[in-house]
1. What's the extension gain from residue 151 to residue 114 if we count 0.36 nm per residue and subtract their Cα-Cα distance?
2. Exposure proxy check: 120, 115 ranked by fewest other beta carbons within 10 Å?
3. Beta carbons within 10 angstrom, averaged per residue: use that to sort the peptides 127-135, 90-98, highest first.
4. Subtract the Cα-Cα distance of residue 139 and residue 49 from 0.36 nm times their separation in residues, and report this length gain in nm to one decimal.
5. Measure off 7 Å from each Cα along the Cα-to-Cβ vector at residue 39 and residue 61, then give the distance between these two points in nanometres to one decimal.
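What follows is calculated from the coordinates using simple rules that are stated; it is not laboratory data. Worth saying up front: this structure is predicted, and the values here are computed from it rather than measured. Quick reminder, even Gly has a Cβ in these numbers, built from the backbone with ideal geometry, and neighbours come from all protein chains shown.
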């Protein structure tokens, strides 16, 4: 019986460790989540344990997130909506200072927001009355002339209460 209890505790602590909770600019009422494992499955657990208001989610490096499927979706999106910029970027130097790469940064952010990976995060957030209002990236580049990479943040906002039409507030701790 003790062994089963120990295993359950270990499993629950693993899911909490997949997402690291950080204060948002040292204000006690808001927090950010930092993705540690690349798995979205544990987001529900992290959100249910926190009583403060979520401000954002740091996804870390995009190249480490479900690489193949996410990269394929991003390439497909850019091919459909920004084919000229994509072609120019893929045929040039792939560092973040290249002007052709810089032109693709905003379209890349659009593609990331449109991906099933980010949409699955949005689905979980909606259950807790949050929505993704944008994405912010830094160190955007191409790796090996084919993989997109950047450090990505999802900007999150709390939805307003249907009854009051005012933002919900965090409970006093």
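1. Details: separation 37, 0.36 × 37 = 13.32 nm, distance 1.68 nm.
Taking residue 151 through residue 114 to full extension adds about 11.6 nm, to one decimal.
2. Details: 120 13, 115 22.
Fewest-to-most ranking of 120, 115: 120, 115.
3. Numbers: 127-135: 15.1, 90-98: 13.2.
Descending mean neighbour count gives 127-135, 90-98.
4. Values: separation 90, 0.36 × 90 = 32.40 nm, distance 3.17 nm.
Additional length available on full extension: 29.2 nm.
5. Going from the residue 39 label point to the residue 61 one covers 2.1 nm.
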